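Q: What follows is a single structure, and I will ask about it in a moment.
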Amino acid sequence: MKYKNNVKRLREAKLVSKSELARLAGVSPATIDRIERGEECRMETKRKIILALGYSLEEKDKVFQD
């Protein structure tokens, strides 16, 4: 099952590479790649990515639509 998210669109809009976002979020680049393809991830990983993209947790719906 694919999960809808805006991670790739937001990352590219900020001109950030997958590796850089992974470093900022404290996850692996492979994790970022999986999430951008719509695969499932843990809630803690979502939290790290939301914050790394510069959003607050209250704005999570701008990044993940699940």
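The values are calculated or read from the model by the stated rules, or taken from the named source; none is laboratory data. The structure displayed is predicted, hence computed values, not measured ones. Because the Cβ atoms are built from the backbone with ideal geometry, glycine has one as well, and the counts that use them run over all protein chains shown.
Q: Working only within the stretch 18-35, note down all residues that are surrounded by fewer than 18 Cβ atoms within 10 Å (Cβ to Cβ) and either in contact with an Asp or Glu (Cβ under 7 Å, 6 or more places away or on another chain) or of a type outside the set (S, T, N, Q) (or both).
A: Within the stretch 18-35, the first condition is being surrounded by fewer than 18 Cβ atoms within 10 Å (Cβ to Cβ), and the residues that meet it are 19-20, 23-24, 26, 28-30, 33-34.
The answer is Glu20, Arg23, Leu24, Gly26, Pro29, Ala30, Asp33, Arg34.
Q: Now, a different point. Looking only at residues that are of a type outside the set (Val, Ile, Thr) and closer than 11 Å to Phe64 by Cβ in the stretch 3-17, which one is surrounded by the fewest Cβ atoms within 10 Å (Cβ to Cβ)?
A: Step by step, filter the stretch 3-17, then rank; the result is Lys4.
Q: Turning to a different aspect of this structure: I'm told Leu10 meets every condition in (1) over 9 Å from the mean Cα position of the chain (by Cα); (2) modelled with pLDDT of 95 or more except one. Can you identify the failing condition by its number?
A: Every condition holds for Leu10 apart from (1).
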